[in-house]
Amino acid sequence: MIQLLDKRPDIKLLNLSVSKAKTFKDCAKKFKFTYIDKLPRKEWDFHVFGKYCHMVLELFHAELIKDSNLNCVNLFSECQDKALETWGVKLTADQKQLAYDVLQNYLNNWLDKYKVGVPEVIAVEKEFFLLIDDKVLLNGFIDRLQRDIDGMYHVADYKTSKDKKWLKNDAFQLLTYALVATLLYPGIDNVRGSYIMLKHNSDVIEKEFSLKEINKVKDVFLKYAEDIENEKLYRANTNILCGYCDHLENSCEEGREFMSKMKKKKTEISSGPKKFGEVDW
């Protein structure tokens, strides 16, 4: 049984989100450091960049929801200035320029949609709380919830990733948001979901989900909850992503050892003899 709640309930439950579930899947030790021990987290440059872009788009669409007749170009510029008041001191000059280019591409794509009709944006940063089988509280935010011109409800998430390939076959986040949409609008049979790739000219990775696909998400979160509650060892899963872990420098010995070996191996390869036909570019 799944219940969509208006606010966070005042009861003790295992709290899950898409990011928590993915963290546990990727590395149980990182999950422990982050969500159980609640160790301080590092603020990465790419996080600041992403938060700035998200804030601009949230402000932009929130104002258009209030008044769809606003001048989009002027409004967008105002939203950029307002977001810079919060994030400008943390953005480098290069990041500010990249953000300007990325967001202008987004605006141009949005304006192009006016030629055929823009979707009805219903909500931005839509917060949700789902109670699953009275065991798990699932919470999160949907970047953009809209109804497309063909009438289908659509959940969209902005991404500032450099590489698309990691998302093409990863619909878990969108399926979770699609589940929320089916509870907000009972009776719908399909939900459209998309990742909006801001650094790739706002290209869209889009898919339509059936009710059958969407309803399977509940069982996925219940399995994560079971595994988390049964976890005792919280082993580290060392890989190249350790280099981007919040806890590498201060807490994770396994991660530091792995990255040290990787660095040593890279040095040995670069300083070793050249193979026949190899070219220095």
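The values are calculated or read from the model by the stated rules, or taken from the named source; none is laboratory data. Here the structure is a predicted model, which is why all the values come from computation and not from measurement. Heads up, the Cβs are rebuilt from the backbone with ideal geometry, glycines too, and the neighbour counts pull from every protein chain shown. Surface accessibility is based on the protein's heavy atoms, side chains included, excluding ligands, DNA and RNA. Shrake-Rupley method; radii C 1.70, N 1.55, O 1.52, S 1.80 Å.
Looking only at residues that are in contact with an Asp or Glu (Cβ under 8 Å, 6 or more places away or on another chain) and outside any loop (DSSP other than H, G, I, E, B) in the stretch 221-241, which one is nearest to Leu175 (Cα to Cα)?
Only one residue fits best here, namely Leu222.
Just to check your reading of the model, which residue among Asp112, Asp94 is surrounded by fewer than 17 Cβ atoms within 10 Å (Cβ to Cβ), part of a helix (DSSP H, G or I) and at pLDDT 95 or above? Please lay out each step first, then the result.
Details: Asp112 fails: at pLDDT 95 or above.
Only one candidate qualifies: Asp94.
Yes or no: Asp170 part of a loop (DSSP other than H, G, I, E, B), open to solvent by 10 Å² or more (accessible area, probe 1.4 Å), within 26 Å of Glu226 (Cβ to Cβ) and not aromatic (Phe, Trp, Tyr)?
yes
Could you figure out which of (1) at pLDDT below 95; (2) outside any helix (DSSP H, G or I) isn't true of Leu130?
(1)
Quick check on my filter: what residues within the stretch 204-220 are assigned to a strand (DSSP E or B) and charged (D, E, K, R)?
Glu206, Lys207, Glu208
Quickly run through the stretch 117-149 and pick out the residues that are closer than 20 Å to Ile65 by Cβ and either aromatic (Phe, Trp, Tyr) or free of Cβ contacts under 8 Å to residues at least 40 places away in the same chain (or both).
Once the filter is applied, which keeps residues that are closer than 20 Å to Ile65 by Cβ and either aromatic (Phe, Trp, Tyr) or free of Cβ contacts under 8 Å to residues at least 40 places away in the same chain (or both), the stretch 117-149 yields Gly117, Val118, Pro119, Glu120, Glu127, Phe128, Phe141, Ile142, Leu145, Gln146, Arg147, Ile149.
As an exercise: evaluate Ile214 against (1) open to solvent by less than 20 Å² (accessible area, probe 1.4 Å); (2) touching a Gly at 6+ places or on another chain (Cβ under 9 Å); (3) without any contact (Cβ under 8 Å) to a residue 60 or more places away in the chain and give the number of the one condition it does not meet.
So the condition that Ile214 fails would be (2).
In contact with an Asp or Glu (Cβ under 6 Å, 6 or more places away or on another chain) and over 26 Å from Leu130 (Cβ atoms), is that true of Lys42? If you could, list the steps in order and put the result at the bottom.
Numbers: in contact with an Asp or Glu (Cβ under 6 Å, 6 or more places away or on another chain): yes; over 26 Å from Leu130 (Cβ atoms): yes.
Here the answer is yes, as Lys42 does meet what is asked.
Of everything in the stretch 25-66 that's touching a helix residue (DSSP H, G or I) at 6+ places or on another chain (Cβ under 9 Å) and loosely packed, with under 12 Cβ neighbours inside 10 Å, which residue is nearest to Ile196 (Cα to Cα)?
Result: Trp44.
Tally up the residues in the stretch 68-85 that are open to solvent by 70 Å² or more (accessible area, probe 1.4 Å) and either under 13 Å from Glu58 (Cα atoms) or in a helix (DSSP H, G or I) (or both), please.
Of the residues in the stretch 68-85, 6 are open to solvent by 70 Å² or more (accessible area, probe 1.4 Å) and either under 13 Å from Glu58 (Cα atoms) or in a helix (DSSP H, G or I) (or both).
Looking at Tyr244, Tyr153, which is the one that is modelled with pLDDT under 95, in contact with a Phe, Trp or Tyr (Cβ under 8 Å, 6 or more places away or on another chain) and either aromatic (Phe, Trp, Tyr) or more than 18 Å from Tyr106 (Cβ to Cβ) (or both)?
Only one candidate qualifies: Tyr244.
Among the residues of the stretch 131-187, write down those that are touching a Ser or Thr at 6+ places or on another chain (Cβ under 6 Å) and aliphatic (A, V, I, L, M).
Ala156
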